[in-house]
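**Student:** Sharing a structure here in structure tokens format.
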Amino acid sequence: MTIDNNSNNDKANQNIKPPPANTVGIIGWIRKNLLGGWVNTLLTLISIYILWLVLPPLFDWALLNADFSGSSGKECTTNGACWAWLDQRINQFFYGFYPPDSYWRVNLSLILLLPALAYILFENLPYSTYGRWFALSYPIISAVLLLGGVGLEGVTTDKFGGFMLNLVAGLAGIILSLPIGVVLALGRRSKLPLIRVFSIAFIEIIRGVPLITLLFVAVIIVQLFLPPGVSLDQLIRVMIMITIFASAYMAEVIRGGLQAIPNGQYEAAQAVGLGYWRSMRLVILPQALKISIPGIVNTFIGLFKDTTLVIIIGLFDILGQARLLQTNPDWMGKVDHETFLLAALFFFIICFSMSRYSINLEKRLDTTNK
Amino acid sequence: MNENSAVIEISDLNKWFGNFHVLRDINLSVSQGERIVICGPSGSGKSTLIRCINRLEEHQEGRIVVDGNELTHDLKNIDAVRREVGMVFQSFNLFPHLNVLENCTLALIWVRKMPKLEAENLAMEYLHRVKIPEQAQKFPGQLSGGQQQRVAIARSLCMRPKIMLFDEPTSALDPEMIKEVLDVMVDLAETGMTMLVVTHEMGFASQVADQIIFMDEGLIVEQNTPEEFFNNPKSDRTKLFLSQILSH
Ligand SMILES: Nc1ncnc2c1ncn2[C@@H]1O[C@H](COP(=O)(O)OP(=O)(O)OP(=O)(O)O)[C@@H](O)[C@H]1O
Ligand SMILES: [Mg+2]
């Protein structure tokens, strides 16, 4: 037996060869991904040429030739970027008109956001029960921090601005639009005609109207229907509209996922005695949401970018702050590109992180070849 | 409960899909511990009949009483029936996002409200019975068809049902795997489980069935013991069906 085994092993070992050197490692990667066939080689060369055209001048402009100090645009004399405004204005880009001695409240709620998100997004963290409770109560905690109350000085929402405003509106929309979207998607497939008709009407009407129209409705028309003397915070109205808008799209994304789940899954869940809601929560939705991740994150990213529309209720989010500075006599004509570039960078960081996380999540949830 | 009392009592059952009359005047009584094999040509209503027993399909006329609960629109009765009836499907229908053990414990934890550890122990016991305890941590997508079907059987058995329904449990399997699933089903039959099995495995039927039912076009054409059914079929349609199926 042992001898047999050994000779087998020897034979097997003799046949094991390392893969050809030019198919592995860096060289292999380059050959496979950049130089595979003449079309790919050509595309690689064109890309390198374009990068060579764009990157060095951009680098020169943004950093090497840039001005970093000065108190007005006139002091920016080089032909590079003018970053002198950062010193005075970066706080407004981030906090808007929030009272400066309360900046710590915004900072604290941002810092608390990290553990709250971590407990929702990642498994296997220590103290997960407490963590989940903390994550659930985070919206209330941060609302108190930002708006005041319980001993903190009150801050009205018209003081909100800059990137913080985009984050607040975007996060609220993201947190609310997913569950509302799930309910609408289930409603659209419901056997009860009333619920089904309501869901279809809601989704189709909202999807058929541009967001900007909804925002005007929220700002101007809603006031006509409210009883005199009652007013609803403008920011809240806008957040509701952005959320509703994203929910309608979310519902369709999730419905697509639900339709991909074979009926047998629902039947098997019924057969072991899970009722409708438990079948949905434990069997159908986990699978449907998993296949919908790309669409869901797409909707999140779209929603986050739509928060820049708060400008129509006269709030100055990060884009509003950029425009404000561009029209400021001290800086006029000097900072057009710079301010937009900074705003773009902020948005890119958040949207790109969402996209990376979704890829990571899809890999983690893949049960076919673990 | 006494040996001869009926656990399933179906009387004058009629069902339509739209205008299509799938089940016609079905009468069937199944007593505790009885094993019934249902066969018949494709589209004859076999699946529909057994799916009516746990209300995956609704019937329009007649009565179905399972273990004393009549199936009506009353959700309480439907839940009560599903607690007593397990079902195994042709396409397994395991939950792909849960591993084998979680597939088995899901309903124990959420329907039976059993503590997790106890549920896992019970599930392992049944995975032993279907001879795949070593696969407990794998996901359904990593198992062969035969293994998946055995997990599906274990998942149903965990709920300790009084009655097991099988809808062509081996038709989606390769020949080598059919035997491993049939072996588990024979074991189960020997424990005295009440079973209704839709299958074309006539070897299995003659080995374990107390009664064989032949259906065609929504009717029960013939119902008999295996010996009579194979050696002495009464109707021409049964003879034709048997000649087709046994010639394979
Ligand atoms: N949901 C449905 N809606 C409409 N017709 C249906 C539906 N389900 C089944 N049928 C029809 O009812 C008839 C009986 O179907 P059933 O699945 O019970 O047949 P079966 O005997 O199990 O056949 P097979 O051996 O192919 O599984 C078939 O003609 C089928 O097309
Ligand atoms: Mg069938």
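**Student:** So which residues in segment B:127-149 are within 16 Å of residue B:89 (Cβ to Cβ) and part of a helix (DSSP H, G or I)? It would help to see each step written out before you state the result.
**Tutor:** Here is the first cut: in segment B:127-149, the ones within 16 Å of residue B:89 (Cβ to Cβ) are B:130, B:140, B:143, B:145-149.
B:140, B:145, B:146, B:147, B:148, B:149, listed by residue number.
**Student:** Do any residues in segment A:82-102 that are at negative phi and in a helix (DSSP H, G or I) have Cβ atoms under 6 Å from those of residues that are modelled with pLDDT of 85 or more and polar (S, T, N, Q), where the two are at least six apart or on different chains, and which pairs are they?
**Tutor:** A:92/A:321; A:93/A:321
**Student:** Hey, among the residues in segment B:1-50 that are more than 24 Å from residue B:238 (Cα to Cα) and small (Gly, Ala, Ser), which one's modelled with the lowest pLDDT?
**Tutor:** Among residues in segment B:1-50 that are more than 24 Å from residue B:238 (Cα to Cα) and small (Gly, Ala, Ser), the one modelled with the lowest pLDDT is B:5.
**Student:** Suppose we filter segment B:136-183 for residues that are within 16 Å of ligand 2 (Cβ to nearest atom), away from chain A (no Cβ under 11 Å) and within 30 Å of residue B:9 (Cβ to Cβ); how many remain?
**Tutor:** Selection size over segment B:136-183: 6.
**Student:** Of all residues in segment A:188-203, which are touching a residue at least 24 places away in the same chain (Cβ under 8 Å), part of a helix (DSSP H, G or I) and not aromatic (Phe, Trp, Tyr)?
**Tutor:** The initial filter retains those residues of segment A:188-203 that are touching a residue at least 24 places away in the same chain (Cβ under 8 Å), namely A:188-189, A:199, A:202-203.
Checking which are part of a helix (DSSP H, G or I) leaves us with A:188, A:199, A:202-203.
Answer for segment A:188-203, where residues must be touching a residue at least 24 places away in the same chain (Cβ under 8 Å), part of a helix (DSSP H, G or I) and not aromatic (Phe, Trp, Tyr): A:188, A:199, A:203.
**Student:** Could you please find all residues in segment A:123-177 being of a type in the set (A, V, I, L, M), free of Cβ contacts under 8 Å to residues at least 12 places away in the same chain, over 29 Å from residue A:252 (Cβ atoms) and exposed (fewer than 14 other Cβ atoms within 10 Å of the Cβ)?
**Tutor:** The answer is A:125, A:140, A:150.
**Student:** With A:161, A:149 as the choices, which residue is of a type in the set (Gly, Ala, Ser) and assigned by TED's automatic domain parsing to the domain that holds residue A:288? Let's see the steps before the verdict.
**Tutor:** Details: A:149 fails: assigned by TED's automatic domain parsing to the domain that holds residue A:288.
Of the residues listed, the single one that is of a type in the set (Gly, Ala, Ser) and assigned by TED's automatic domain parsing to the domain that holds residue A:288 is A:161.
**Student:** Something else about it: Since residue B:46 meets every condition but one in (1) within 16 Å of ligand 2 (Cβ to nearest atom); (2) within 13 Å of chain A (Cβ to nearest Cβ); (3) not hydrophobic (A, V, I, L, M, F, W, C), which condition does it not meet?
**Tutor:** So residue B:46 meets the others, but not (2).
**Student:** Go through the residues of segment B:24-38 one by one and say whether even a single one is touching a residue at least 60 places away in the same chain (Cβ under 8 Å) and either within 13 Å of chain A (Cβ to nearest Cβ) or under 20 Å from residue A:263 (Cβ atoms) (or both).
**Tutor:** No: zero hits.
**Student:** Out of the residues in segment A:268-294 that are surrounded by fewer than 18 Cβ atoms within 10 Å (Cβ to Cβ) and more than 30 Å from the chain's Cα centre (by Cα), state the one that is farthest from the other protein chains (Cβ to nearest Cβ).
**Tutor:** This residue is A:276.
**Student:** Hey, another quick one. Inside segment B:99-118, can you point out the residues that are touching a residue at least 24 places away in the same chain (Cβ under 8 Å) and not in a helix (DSSP H, G or I)?
**Tutor:** Correct list: B:99, B:111, B:112.
The values are calculated or read from the model by the stated rules, or taken from the named source; none is laboratory data. In this text, all values refer to a predicted model and were calculated from it rather than measured experimentally. Methodologically, a virtual Cβ is constructed for each residue, glycine included, from the backbone with ideal geometry; neighbour enumeration extends over all protein chains shown.
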